[in-house]
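Heads up: the structure comes next, in C-alpha cells.
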C-alpha cells in the first residue's frame, strides 16, 4: 500500500513531457480549440481521436510550435514553447525534442520506417554515425 502511494506521489511531482493549459485557437472567428487542457507523462502513449474537423491537427500543430494559439500555454518538458500567442525565442531548439509525422508525409521510399523517422535526428549525430546509419 505504501509503495502505491509513493508512486502516485512521485508521479505528481515528475515533470510532464507535454503540458497544455487553456489552449484556444480560432480560424476566421470559428473556434477550433476551446480551453484545451492536456498532460502527457514521459513514456506515456496517448491517442488523439475525433471526427474530421474536430481540432486534432490544430492541437498537434500547436504542441509542436508550427502554429500559434490565441490563448493558453504549451510546455515541453517544463520549457514553455508558447504562451498566449507568443512562441518561445528558442522554438526551433525546442522542436528538436518533438517528433511529428504528418498525414501527407513525404517519406523516402528506399528507407525503412525507423530510418525515415530518425532522419529528423540527423543534426544531433556525428557524420560517421549518420553515414553508417547508427541512429
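Each reported figure results from applying straightforward, stated rules to the coordinates on display, with no laboratory input. Since the model is a prediction, treat every value here as computed from it, not as a measurement. Note that we place each Cβ from the backbone using ideal geometry, even for glycine, and neighbour counts take in every protein chain shown.
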#### Entry: Burial ordering of 75, 115, 44, fewest other beta-carbon atoms within 10 Å first
44, 115, 75
### Task
With just the Cα atoms of segment 47-107, tell me how far they stretch along each of the three principal axes, in Å, largest first.
31, 28, 17
### Query
If segment 16-135 were replaced by its equivalent ellipsoid, with semi-axes equal to the square roots of 5 times the Cα gyration tensor eigenvalues, what would those be, largest first, whole Å?
29, 17, 13
#### Entry: Helix-only [θ]222 nm of the chain, DSSP H runs n ≥ 4, -39500 (n - 2.57) each, per residue, nearest 500
-7000 deg cm²/dmol
